[in-house]
Amino acid sequence: MSSTTEIVQASLARRYKAESRFRLYGIVAISISLSFLAFLLISITYKSIPAFYETQVQLTVNLDAEKLGVGASPDIKAIKTANYSGVIKGALREQFPDVKKRKAKKELYSLVSVGAQYQLRDFILEDPSVIGTEQTIWLIADDELNGLVTAVSDVTDIGDTPTRLSEQQRGWINTLQQQDQVKTGFNYTFFSAGDSREPELAGIKAALIGSAWVLLVTFLVSFPVAVAAAIYLEEFAPTNRWTDVIEVNINNLAAVPSIVFGLLGLAVFINFFALPRSAPLIGGIVLSLMTLPTIIISSRAALKAVPPSIREAAQGLGASKVQVVFHHVLPLAMPGILTGTIIGLAQALGETAPLLMIGMVAFIVDIPQSIVDPATALPVQVFLWSDSPERAFVAKTSAAIVVLLGFLVVMNAVAVFLRKRFERRW
Amino acid sequence: MSTSTTLNDIIPGSPAIQESTKVDDVTAMLDSIEGTVGTTRVENPKMEMREVDVFYADKQAIYDVDLDVARNEVIAMIGPSGCGKSTFLRCLNRMNDTIPICRVTGSITLDGVDINTREQDPVLLRARVGMVFQKPNPFAKSIFDNVAYGPRIHGLAANRAELDEIVISSLKRAGLYDEVKSRLDAPGTSLSGGQQQRLCIARTIAVNPEVILMDEPCSALDPIATARIEELIDELRENYAIAIVTHSMQQAARVSQRTAYFHLGKLVEVGKTNDIFTNPQHDLTENYITGRFG
Ligand SMILES: Nc1ncnc2c1ncn2[C@@H]1O[C@H](COP(=O)(O)OP(=O)(O)OP(=O)(O)O)[C@@H](O)[C@H]1O
Ligand SMILES: [Mg+2]
């Protein structure tokens, strides 16, 4: 008795020391990974800030019919093709009458985005009676201007903030700012437009909708197929060499590089079945191939975890195999299956390589309206923008990543909600 | 071997305590078991088992067992752990079908009809031969749905009122209704262990089977819950044939009319419960009920 006590007591200190050592390792490991994550998130969010702002410049434009190059009572087609750029340039010259040199004029014109023309066009289309009057309206500014005014408070003293704007241009901006003709607000364009060559006009919406379509297809294809496969393999299939082979292959499939699936999609769906290129339909099917093994494996694990006593109880009452599975096992396994599905879909959401192979890397301006419209996806958009030379696209890239992460968070939240609902029942 | 004294107190007339039996002796005795001591057959049986062998892969778990289950009677199956009581019980409603490596030979009949033929549907059989398991295993559903599940899948109730009627009467017969009537929507798993087991019994009788198999139904329960279930078994006997596996000799003595003693897969002795406990014929039976092994 006492000897046991002594022996145990002697080893107690050692045991506790081992425990606290292990805790320390754990805390260090978690801190390291958390700090990496925090660093990543902070740097991306910080870089993305300018992309969420949009700067506009207030100009007084002379909507003279002659200057617009349209008749006195123009039809819609004439309005659409009117010379807005000339009007805007005129307004800028009016604002800064001292600018005479050709090169300086060009610099002056570049303060306003080419998108301003479309703004002006829409403004007139809305109410053609403004033709012939003088209007003071806000027009979207160039991306460099936006980048600078969101970065520094005084554009004449910018320190070493990188910018392409010349000193002269900054002087003009300063003048405009003094007269309260520059305003910066939330960038709605970013969330309402498709891609564009001009950073200030480029939006994420096309990619966001594209990703949503792709994920919808992926879910609709992979979830039923994977769950059915998992149920069959786990509950109905005999254990023999064939099912072993299938099992090994499913596990291998989970490790196949995603670009291979892209090649497969290209060869099978586009070249053989002649389905439309760049469409979310194919993107979704290709990504389903990737998500399938993930969902199958986790669904099987979830099915396996259902206690055998539940099956026995149902069978003992005379439930058939199918009834046992669908009335008892599947509902209990559902939270696990959903978790696996979300993990699979999250992977699919972040996947770029296979989408490149099937042409979803195209420059998409229009919002895709269906699963067969040409589309791109969020990660591909990130990839595209990160390749663009304009500085403002750096911010856009980060902003697209933020949107991608936001999408993920929303998806996970939905999953947690669904899981809670399934679990809360019992 | 002090436990045998208590047993002696409970079951008066047990044979005097003998020397502890050695394992070698047991093996020798087992080899010497030829057939079963006592009458394995009854008149007009509900179920008949003839020459039943059960194998798990190559390993034999039941050797050549003959046994009848009589109508309106409780038969208790006792024996040391691992002797094949559960295996044998599970033959009676073909639950062993669910274990791929398990193979049953010999003939088992219900009302004179072989249950192991291809034509016999295990689903129908299990509706007629219900089972209560050792561990309470309510479904992850409400108390009501637990009991209603069997009638629902078999289509026993024509409408909701009939279903309510079946559920309530089953709960009443299982002696659970008063405790749960205010919360039939609560999950079955929210009940205590004893209540869960009575729920499982209610669930089984809701299908209105002809035979009820119980595999150590009280092993997870306290004495009060056990007593309630024993009472219940006694009442159920009026309408059903019941086969119960138990590790408690007292329980076997209390609830059963006949007792079968299994040892290492063989049916050693069968007889009227009274006779088995007061005057066992076989040495193994005697050793077991006097608490010398098991
Ligand atoms: N699923 C199985 N696979 C292989 N062997 C099994 C299986 N189930 C039972 N056995 C074997 O069959 C023999 C009888 O087991 P069984 O469960 O019928 O014993 P038991 O009498 O019910 O024991 P206990 O009183 O402990 O419940 C044991 O040797 C056991 O190892
Ligand atoms: Mg058992």
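The values are calculated or read from the model by the stated rules, or taken from the named source; none is laboratory data. Remember, it's a predicted structure, so these values are computed and weren't measured experimentally. Cβ sites come from the backbone with ideal geometry, for glycine too, and all protein chains shown count toward neighbours. Heads up: the accessible areas ignore ligands, DNA and RNA and are worked out on the full protein's heavy atoms, side chains in. Shrake-Rupley method; radii C 1.70, N 1.55, O 1.52, S 1.80 Å.
For the reader, a short list of remarks on this structure follows.
- B:Leu67 being under 18 Å from A:Gly318 (Cβ atoms) and either within 16 Å of ligand 2 (Cβ to nearest atom) or assigned to a strand (DSSP E or B) (or both): no
- Checked against (1) part of a helix (DSSP H, G or I); (2) at pLDDT 85 or above, A:Glu423 passes all but condition (2).
- Reported count of residues in the range A:71-99, each being farther than 20 Å from A:Asn174 by Cβ and open to solvent by 40 Å² or more (accessible area, probe 1.4 Å), is 10.
- Any chance A:Ala333 is more than 9 Å from chain B (Cβ to nearest Cβ) and surrounded by fewer than 23 Cβ atoms within 10 Å (Cβ to Cβ): no
- Count of the range B:51-64 residues, restricted to those that are assigned to a strand (DSSP E or B) and more than 10 Å from ligand 1 (Cβ to nearest atom), is 5.
- For the range B:177-189, a residue qualifies if it is open to solvent by less than 60 Å² (accessible area, probe 1.4 Å), out of contact with any Leu (no Cβ under 9 Å at 6 or more places or on another chain) and not in a loop (DSSP other than H, G, I, E, B), and exactly one does: B:Pro187.
- Failed item, numbered, when B:Asp68 is tested on (1) of a type outside the set (A, V, I, L, M); (2) within 27 Å of B:Asn239 (Cβ to Cβ); (3) open to solvent by less than 10 Å² (accessible area, probe 1.4 Å); (4) within 15 Å of ligand 1 (Cβ to nearest atom): (4)
- Criterion applied to A:Ala82, A:Ala141, A:Ala78 was being closer than 24 Å to A:Thr397 by Cα and of a type in the set (A, V, I, L, M), and the one residue passing it is A:Ala141.
- Yes/no for B:Thr117 being among the hydroxyl-bearing types (Ser, Thr, Tyr), more than 15 Å from ligand 1 (Cβ to nearest atom), surrounded by fewer than 23 Cβ atoms within 10 Å (Cβ to Cβ) and in contact (Cβ under 8 Å) with a residue 60 or more places away in the chain: no
- In the range B:83-129, the residues that are among the small types (Gly, Ala, Ser), assigned to a loop (DSSP other than H, G, I, E, B) and either away from ligand 2 (no atom under 16 Å from the Cβ) or closer than 24 Å to B:Ala206 by Cα (or both): B:Gly112
- Some residue of the range A:362-376 being open to solvent by 50 Å² or more (accessible area, probe 1.4 Å), within 22 Å of A:Ser192 (Cβ to Cβ) and not in a loop (DSSP other than H, G, I, E, B): no
- Matching residues in the range A:293-314 - criterion: being open to solvent by 50 Å² or more (accessible area, probe 1.4 Å), assigned to a helix (DSSP H, G or I) and more than 10 Å from every other protein chain (Cβ to nearest Cβ): A:Ile297, A:Ala301, A:Lys304
- Any pair with Cβ under 7 angstrom, 6 or more apart, that starts in the range A:160-177 at a residue that is without any contact (Cβ under 8 Å) to a residue 60 or more places away in the chain and closer than 19 Å to A:Glu390 by Cα and ends at one that is assigned to a loop (DSSP other than H, G, I, E, B) and among the hydroxyl-bearing types (Ser, Thr, Tyr): A:Arg170/A:Thr156
- Test result for A:Ser196, open to solvent by 20 Å² or more (accessible area, probe 1.4 Å) and among the hydroxyl-bearing types (Ser, Thr, Tyr): yes
- Restricting attention to the range B:71-92, the residues that are among the β-branched types (Val, Ile, Thr) and within 13 Å of ligand 1 (Cβ to nearest atom) add up to 2.
- Top-ranked residue in the range A:315-330 [being within 7 Å of chain B (Cβ to nearest Cβ) and in a helix (DSSP H, G or I); ranked as most open to solvent (accessible area, probe 1.4 Å)]: A:Gln323
- Qualifying residues in the range B:215-244 (those that are assigned to a strand (DSSP E or B) and within 14 Å of chain A (Cβ to nearest Cβ)) - the one farthest from ligand 2 (Cβ to nearest atom): B:Ala243
- Residue within the range B:133-141 that is in a helix (DSSP H, G or I), at pLDDT below 90 and within 14 Å of chain A (Cβ to nearest Cβ) present: no
- Just one of the listed residues (B:Val132, B:Val180, B:Val147, B:Val167) is of a type in the set (A, V, I, L, M) and within 16 Å of ligand 2 (Cβ to nearest atom), namely B:Val132.
- Test: B:Pro187 is touching a Phe, Trp or Tyr at 6+ places or on another chain (Cβ under 6 Å) and either within 13 Å of another protein chain (Cβ to nearest Cβ) or of a type in the set (Val, Ile, Thr) (or both): yes
- Qualifying positions in the range B:226-248 - away from ligand 1 (no atom under 16 Å from the Cβ) and touching a Lys or Arg at 6+ places or on another chain (Cβ under 8 Å): B:Arg228, B:Ile229, B:Glu230, B:Leu232, B:Glu235, B:Leu236, B:Ala241
- In the set (1) touching a Lys or Arg at 6+ places or on another chain (Cβ under 8 Å); (2) among the aliphatic types (A, V, I, L, M); (3) within 14 Å of chain B (Cβ to nearest Cβ), A:Leu338 fails one condition alone, (3).
- Check on B:Ala174, of a type outside the set (Phe, Trp, Tyr) and open to solvent by 10 Å² or more (accessible area, probe 1.4 Å): no
- Taken as a whole, the structure leaves B:Ala243 outside the set of residues that are open to solvent by 10 Å² or more (accessible area, probe 1.4 Å), touching a strand residue (DSSP E or B) at 6+ places or on another chain (Cβ under 9 Å) and at pLDDT 85 or above.
- All positions within the range B:212-224 that are at negative phi and open to solvent by 10 Å² or more (accessible area, probe 1.4 Å): B:Asp215, B:Cys218, B:Ser219, B:Ala220, B:Leu221, B:Asp222, B:Pro223, B:Ile224
- Residue within the range A:229-244 that is open to solvent by less than 20 Å² (accessible area, probe 1.4 Å) and away from chain B (no Cβ under 14 Å) present: yes
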